[in-house]
Amino acid sequence: MEKNLLLEIINLHVEFTTEEGVVHAVKGINLQLFRGETLGIVGESGSGKSVSFLSVMQLIESPPGKIAEGKIIFHPESGKPVDLLALSEKEIQQYRGNDVAMIFQEPMTSLNPVYRCGFQVDEAILLHRGVSKEVAKAQTLELFEKVQLPDPERIYKSFPHQLSGGQKQRVMIAMAMSCNPEILIADEPTTALDVTVQKKILALMGDLKKELNASIIFITHDLGVIAEIADRVAVMYRGLIVEKGKVEDIFMQPQHPYTKSLLACRPPMDYRLNQLPVVADFMDISTDKNGEEMMIEKAASIQDIDRIQKITKEDSLKRIAELTKQAPLLEVKNLSCWFTTKKDFLGRPKAYVKAVDNVSFNVYPGETLGLVGESGCGKTTLGRVILRLLPARSGEVFYRGKDLMLLEKQEMMALRKKIQIIFQDPYASLNPRMTIGQAIMEPMTVHRIYNTPSERRTWVLDLLEKVGLKANHFNRYPHEFSGGQRQRICIARALALKPEFIICDESVSALDVSVQAQVLNLLLDLRESFQLSYIFISHDLSVVKFMSDRMLVMNQGKIVERGASDDIYHHPKNVYTQNLISAIPQAKNFVR
Amino acid sequence: MLNYILKKIGYGLIVLIMVVCIVSTIISLAPVDPAELTFGNRYDEETVKAKREALGLDKGIFTQLWMYLRDISPIAILADHAENKAKYNYTRLLPLGERALVFKAPYLRESFQSGRRVSEILGEAIPLTAILALTSIFLAAIIGIALGIIAALRPNTFFDNFAITISVLGYSVPSYVSAMILALIFGFFLSEYTGLNVQGSLVVLDDFGEEKYVWKNLILPAIALGIRPVAIITQLTRSAMLDVLSQDYIRTAKAKGLPKRTVVIKHALRNALNPVATAISGWFAALLAGAFFVENVFNFKGLGDVAVNALLSFDIPVVLGAVVFTAVLFVLVNIMVDILYVFLDPRVAVS
């Protein structure tokens with residue numbers, strides 16, 4: 001065993017100096033990586049998982065970051081073990097990209113936009129291998145072939161913006177693999193990709209690992225992905241490793257309450273729950289008398305949590321039957337929206353992309369209609385066309401019998417407060433210069449909800465509590481809040497106008513699974529207490545299935561399948577839907 | 001690409017015509033009679049009247065404008081006779097009876113003061129200004145980009161704050177003020193040590209009437225003109241670099257094992273250059289157009305000096321000529337920058 005040791009992290013502490021003081025991002029972790037294995041690292045954002053492994057390559061921005069303590073011993077195949085943290089900037093450059101390579105989360109931004117893809121891979125080969133340019137190019141093309149990029153010669157000459165996300169990630173993998181590294185650190189390499197692309201990339205990484213005999217450290221917030229790829233797992237929480245072990249042990253017999261909650265908070269595929277469990281159901285955090293943090297276990301499994309119940313298939317079908325008996329709230333008929341892709345010399349359109357192509361469906365009062373599809377399928381466009389944020393090419397949208405497409409400006413204005421939208425990115429959709437209170441009150445002022453500012457204020461304070469925030473958040477600014485809290489603020493802002501109907505456009509996609517569970521629960525609670533109806537748009541079929549009564553599957557602007565959510569999941573008829581479902585990473589092998 | 005360039009040139013032409021219209025309207029509103037100016041203090045009514053007619057000053061303002069536009073346009077329809085031939089020196093493209101469609105160099109008319117052709121006057125001044133502008137923008141770009149990079153690599157340190165403070169100061173001082181200060185200090189108080197003059201042009205006539213280049217006369221004007229561009233370029237480079245250095249692809253470049261210098265110069269700077277290129281080209285065009293007051297302060301016989309003197313003596317053809325030249329220059333530099341963007345950043349779509 002000792003002989004196969006590849007990397008040892010010993011008592012690693014990492015600190016960040018911020019305006020509020022020193023933050024301990026990593027509080028003494030110990031970990032070993034063995035030759036030929038894939039080690040999965042799981043944790044939510046802020047758990048210190050990325051920081052720990054950026055330290056391996058000394059890639060932490062310093063200042064503000066600082067490795068306070070610890071050793072990272074690398075045992076190369078030939079030669080003496082080295083402490084990577086003790087190396088100078090010059091010395092570590094020999095190891096970066098050569099012995100230890102990295103793949104990052106955002107393929108969109110991880111390649112330099114002004115250089116061709118081929119050049120960026122050549123660069124690493126030229127640097128570490130000392131070969132001629134021609135040899136480097138030949139090796140790069142070979143790598144492109146290996147990572148299954150179509151037409152390597154074309155990709156070699158392309159700029160990053162000319163490739164899709166999956167292709168860019170393949171280029172990144174080729175770059176990381178270019179010098180046959182012994183260790184490959186993959187930091188959330190598939191989080192930004194569609195599930196079907198994710199599946200292919202995971203398969204590719206598995207194949208390459210075998211072929212090149214490398215070891216992989218795979219960092220992610222999603223346990224489902226870990227189940228697909230890892231041999232061993234370490235679970236990180238608040239800068240500590242709370243549990244580590246073989247992947248089947250982690251899934252079959254999780255010991256730590258945090259691991260249990262992580263396993264439970266992802267929407268289940270095989271059955272239906274009324275609510276999702278969250279971390280707080282499983283454990284409490286308190287400080288003991290020495291000021292040390294303690295985690296106290298509360299529930300051992302989902303069965304111990306009272307508020308969570310399974311919904312039987314009969315119950316959910318009954319609910320759908322009752323909902324669809326009513327007059328529809330929203331009727332969409334033959335709606336189309338085309339974008340011009342080419343114009344002739346006089347600016348007349350020559351070619352179109354049919355983002356929404358002849359789509360019809362109904363939404364009934366009190367219902368959640370799910371809309372699922374991969375990026376580029378037109379689901380976001382559809383949401384925006386309904387709200388008239390984008391012009392429709394043809395078709396009708398009736399809201400309570402009124403055709404939205406024909407409404408005058410003022411009538412539309414009046415209807416806008418009834419129909420709200422919650423966007424994907426909680427970071428970009430709040431104005432950083434407005435306090436939370438101002439942000440929520442602004443649309444109320446525009447739409448004249450309540451007559452006086454003090455009445456509005458009372459309502460906003462009420463709303464803040466309803467979405468799980470505190471009244472004293474009213475005067476704070478967005479940067480003081482986490483992603484999950486910001487999404488709650490966005491939800492409160494949408495609710496401020498007392499809408500009847502909300503379009504949630506990828507509203508939880510940017511959030512960690514544990515935070516996602518909380519926000520989904522909130523949306524479900526609000527549906528009951530405010531009698532809302534939703535269109536819930538997401539690329540994640542498991543989330544859509546959990547949230548929706550009925551579901552539409554969209555591909556290339558068309559609706560390819562529709563029906564009760566559970567039906568579609570269990571008996572998909574369309575090939576596209578089947579692919580989408582089989583690509584969802586799940587711990588299928590480890591059913592307890 | 002060709003379509004893109006043609007479109008930009010089209011917009012540029014519209015800008016040029018509007019500039020000529022606005023400037024000539026303003027000048028024609030000035031309470032002077034150019035015909036009188038031509039003859040100085042002694043003239044009689046008849047000659048002035050004849051001159052007025054020759055200059056077209058008796059016609060309406062729109063007719064005058066039209067005539068000027070026709071004079072500066074390279075392609076025009078003119079009466080085809082010997083007098084015009086001598087005046088415009090045109091090539092006939094298509095005879096149209098008594099008139100002809102012709103191709104010619106833009107005719108900028110003649111100076112009221114000296115009677116010389118405006119194109120000739122400008123032709124003498126422009127090379128001097130061009131050398132001055134090139135020198136100062138070159139210095140400014142090198143110093144500004146270097147300072148900006150160093151400041152961005154050490155954000156919020158003493159050097160960074162120092163560089164920012166100095167550049168704010170440098171930008172706030174008008175260049176003719178710094179010109180005078182420089183001239184006083186280095187050309188007067190310290191001239192024993194520096195050997196520089198308070199005033200002097202690049203080309204001077206020596207005792208034998210021969211033209212002679214005095215390169216040291218370039219130093220002070222180039223520095224005086226360069227101070228404000230340096231300030232702007234430093235700040236823009238710094239903020240663009242700070243932005244770029246926090247990008248993911250910089251981390252990728254470091255993770256490849258590239259040395260810091262390569263990461264900064266090759267991966268970061270290249271991405272940060274877009275706003276900097278805009279600033280450099282804008283200032284370059286402005287400097288080429290004649291740094292009016294600075295040239296005047298140093299008595300540097302460039303375009304600025306010519307234009308200021310012409311303005312003071314209401315030598316309208318020269319002023320208009322300088323303005324037209326400047327406008328053409330700005331339009332050209334802008335088109336070049338637009339094309340440069342396509343090469344600097346492949347994401348700029350050519351459509």
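FYI, it's all coordinate maths here, none of it is from the lab. Fair warning: this is a prediction, and the values are worked out from it, not measured in the lab. Virtual Cβ from ideal backbone geometry, glycine too; neighbours counted across all protein chains shown.
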Mind checking the angle between helix B:175-184 and chain B's longest principal axis? C-alpha axes, 0 to 90 degrees, to the nearest 10. 80 degrees
Taking r as the C-beta separation of A:Tyr427 and A:Ile296 and R0 as 30 Å, the FRET efficiency to the nearest 0.05 is 0.40
Kindly provide the chymotrypsin sites (Phe, Trp or Tyr not before Pro) of the range A:251-282 that DSSP labels as loop, not H, G, I, E or B, and whose Cβ sees at most 12 other Cβ atoms within 10 Å. A:Tyr271
My understanding is that a pair violates if its Cα-Cα distance is over 20 Å; which of A:Lys157/B:Lys7; A:Lys260/A:Lys298; A:Lys325/A:Lys573; A:Lys157/B:Lys8; A:Lys90/B:Lys256; A:Lys325/A:Lys418 do that in this structure? A:Lys157/B:Lys7; A:Lys325/A:Lys573; A:Lys157/B:Lys8; A:Lys325/A:Lys418
Amide H within-cut-off set for A:Ile103, under 5 Å, with H built and near neighbours excluded: A:Ile185, A:Ala186, A:Asp187
Which residues' amide hydrogens lie under 5 Å from the amide hydrogen of A:Ser429, considering only partners 5 or more residues apart or on another chain, with H built in the peptide plane? none
Place the peptides A:103-109, B:214-220 in order of packing, highest mean first, counting for every residue the other Cβ atoms within 10 Å and averaging per peptide. A:103-109, B:214-220
Convex hull over the alpha-carbon atoms of the range A:266-334: what's its volume per residue in Å³? 182 Å³
Which whole-number percent is the relative contact order of the range B:118-344 (Cα, under 8 Å, 6+ apart)? 28 percent
Alpha-carbon radius of gyration plus Dmax, which is the widest Cα pair, for the range B:1-158 in Å: 22.8, 76
Shielding by other protein chains, A:173-186, mean Cβ within 10 Å: 1
Would you mind working out the magnitude of the charge dipole of chain B relative to its Cα centre, with +1 at each Lys and Arg C-beta and -1 at each Asp and Glu C-beta, to the nearest 20 Debye? 1760 debye
Using the count of nearby Cβ atoms within 10 Å as a rough guide to exposure, how do B:Asp338, B:Asp305, A:Asp403 rank from fewest to most? A:Asp403, B:Asp338, B:Asp305
Can you give the log10 of the normalised intensity I(q)/I(0) at q = 0.20 Å⁻¹, computed with Debye over equal Cα scatterers of the range A:1-110? -1.21
When the distances between all Cα atoms of the range B:118-344 are binned every 5 Å from zero, what whole-number percent does each bin get? 1, 7, 12, 15, 16, 15, 12, 9, 6, 4, 2, 1, 0, 0
In sequence order, what are the phi-derived ³J(HN,Hα) couplings for the range B:54-60 according to the Karplus relation 6.51 cos²θ - 1.76 cosθ + 1.60 with θ = phi - 60°, rounded to whole Hz, with x for glycine and proline? 4, 7, x, 6, 7, 8, x
Please compute the average number of Cβ atoms from other chains found within 10 Å of each residue's Cβ in peptide B:338-347. 2
Residue by residue through B:255-266, how many Cβ atoms from other chains fall within 10 Å of the Cβ on average? 6
A correct Karplus calculation of ³J(HN,Hα) over the range B:225-233, with 6.51 cos²θ - 1.76 cosθ + 1.60, θ = phi - 60°, whole Hz and x for Gly and Pro, returns 6, x, 4, 5, x, 4, 4, 5, 5
Rg and Dmax of the protein assembly as shown, Cα atoms only, in Å: 35.8, 114
Filter the GluC sites (Glu not before Pro) in the range A:255-347 to those in DSSP coil with at most 11 other Cβ atoms within 10 Å of their Cβ, and list the result. A:Glu292
Which of the GluC sites (Glu not before Pro) found in the range A:1-58 are loop residues per DSSP with 10 or fewer other Cβ atoms within 10 Å of their Cβ? A:Glu19, A:Glu20
Based on other C-beta atoms within 10 Å, arrange A:His479, A:His570 from fewest to most. A:His479, A:His570
Note down the nm distance, to one decimal, between modelled labels 7 Å out along Cα→Cβ at A:Val575 and at A:Ala471. 6.1 nm
Apply the Karplus curve 6.51 cos²θ - 1.76 cosθ + 1.60, θ = phi - 60°, to the phi angles in the range B:255-262 and return the couplings in whole Hz, x for Gly and Pro. 5, 6, x, 5, x, 3, 4, 5
Computed FRET efficiency, Cβ-Cβ of A:Ser78 and B:Tyr213, R0 41 Å: what is it to the nearest 0.05? 0.05
With a 10 Å Cβ neighbour count serving as the proxy for reagent exposure, in which order, fewest first, do A:Cys265, A:Cys504 appear? A:Cys265, A:Cys504
Non-local residues with an amide H under 5 Å from the amide H of A:Asn574, with H modelled 1.01 Å from N and Pro and chain starts lacking one, are none
Compute the relative contact order of chain A as a whole-number percentage, counting only Cα pairs closer than 8 Å that sit 6 or more residues apart in sequence. 14 percent
Nearest-ten-degree value, helix B:158-172 long axis tilted from longest Cα axis of chain B: 10 degrees
Taking Cα atoms, the helix B:2-28 axis meets the longest principal axis of chain B at an angle in degrees (rounded to 10) of 60 degrees
Those helices of chain A passing the 20 Å axial Cα length cut-off and the mean Kyte-Doolittle cut-off of -1.0 (DSSP H runs only) are A:195-212, A:513-530
Estimated distance in nm for a label pair at A:Ser454 and A:Asp344, the labels positioned 7 Å out from Cα along Cα-to-Cβ: 6.6 nm
